[in-house]
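The values are calculated or read from the model by the stated rules, or taken from the named source; none is laboratory data. A quick note: this is a predicted structure, and the numbers were derived from the prediction, not measured. Cβ sites come from the backbone with ideal geometry, for glycine too, and all protein chains shown count toward neighbours.
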Amino acid sequence: MNPNEAFKAPAPLAMSDPADPLVAYDLSPLRLFLEADPVVQGVMVLLAVASVGCWALIIERGWRLSALRRDVRKFETSLGTASQPASLPQTGSIARAILDAGRHEAQFRDSGETAGEARHRCERAMKSALAVGLRPAEWGLPFLATIGSAAPFIGLFGTVWGIMNSFSAIAVANDTSLRVVAPGIAEALSATALGLVAAIPAVIAYNKLAVSLNRIAARFAAGIEELARQFTRRPDQAAQQWRAAE
């Protein structure tokens with residue numbers, strides 16, 4: 001053995017081969033979807049549709065909440081002059097429905113009925129009108145709640161299915177290198193990511209919309225109590241003014 005060979009410099013590390021499947025593999029979202037298992041693809045499509053539906057519902061509910069806020073402001077403004085139709089909101093609003101319900105009950109006060117009984121009857125009629133008016137605004141909230149709670153688990157199902165396929169690929173190829181495992185793992189995790197993308201906005205929007213609706217309902221309820229006192233304090237005069245205005 002030549003003694004100089006013992007001091008030979010080590011060979012330089014080989015650079016990664018561009019043709020290596022791990023290096024050349026495309027991890028873009030479109031590629032991950034196209035290369036995924038059909039079950040995982042179905043999960044991704046379902047979550048994408050749910051996410052689009054959530055955003056469409058969030059935008060539409062936000063517009064409706066703005067209209068309800070304007071309506072409750074008009075209702076609060078009209079409390080001091082509830083017997084003057086010129087100060088009332090336009091026909092078709094929740095405020096107008098509440099005021100009409102209170103007016104109707106105030107017109108039919110029995111002579112033997114106490115002021116407290118008449119006020120309770122007016123409040124009940126106006127709160128019923130409020131519940132009917134707010135019912136359309138609550139539409140879509142169960143959908144947001146369902147997506148917010150179920151989407152992460154749907155994405156997790158796609159992830160578990162994709163990882164199972166990755167393990168199957170390892171068994172078939174008898175190779176535990178990243179070039180065999182990484183594509184399937186990436187496809188599986190993308191399903192979880194889509195589940196979170198759909199769930200997070202749905203949960204935030206549901207909480208925001210629910211709190212806003214409760215506050216609007218509370219403002220209407222406070223105004224209903226004041227309006228019932230006004231109608232039952234002078235029921236005859238209020239009824240006459242309403243009939244004259246109509």
Handout entry: Residue in the range 70-101 that is modelled with the highest pLDDT, counting only those that are more than 27 Å from the chain's Cα centre (by Cα) and polar (S, T, N, Q)
Key = THR77
Exercise for the section: Give the residue, chosen from ASN207, ASN174, ASN165, that is of a type in the set (S, T, N, Q) and in contact with a helix residue (DSSP H, G or I) (Cβ under 6 Å, 6 or more places away or on another chain). Expected result: ASN165
Exercise for the section: Can you run down the residue pairs with Cβ atoms below 7 Å, 6 or more apart or on separate chains, where the first is in the range 145-171 and farther than 15 Å from ALA36 by Cβ and the partner is modelled with pLDDT under 85? Expected result: ILE170/THR176; ILE170/VAL180; ILE170/VAL181
Handout entry: All positions within the range 137-162 that are surrounded by fewer than 18 Cβ atoms within 10 Å (Cβ to Cβ) and over 23 Å from the mean Cα position of the chain (by Cα)
Key = VAL160
Fill in the blank from the handout: Taking the range 30-76 and the residues there that are farther than 19 Å from TRP161 by Cα and acidic (Asp, Glu), the one that is surrounded by the most Cβ atoms within 10 Å (Cβ to Cβ) would be ASP71
Handout entry: Residue satisfying condition, being within 25 Å of ALA131 (Cβ to Cβ), at pLDDT 85 or above and part of a helix (DSSP H, G or I), within set LEU227, LEU209
Key = LEU209
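Against the condition modelled with pLDDT of 90 or more and touching a Gly at 6+ places or on another chain (Cβ under 8 Å), how does LEU196 come out, does it pass?
Taking the combined requirement at face value, the residue satisfies it.
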Exercise for the section: Return yes or no: is LEU22 surrounded by 10 or more Cβ atoms within 10 Å (Cβ to Cβ), out of contact with any Phe, Trp or Tyr (no Cβ under 9 Å at 6 or more places or on another chain), modelled with pLDDT under 50 and part of a helix (DSSP H, G or I)? Expected result: yes
Exercise for the section: For GLY53, state whether it is among the small types (Gly, Ala, Ser), closer than 17 Å to ALA199 by Cα and at pLDDT 85 or above. Expected result: yes
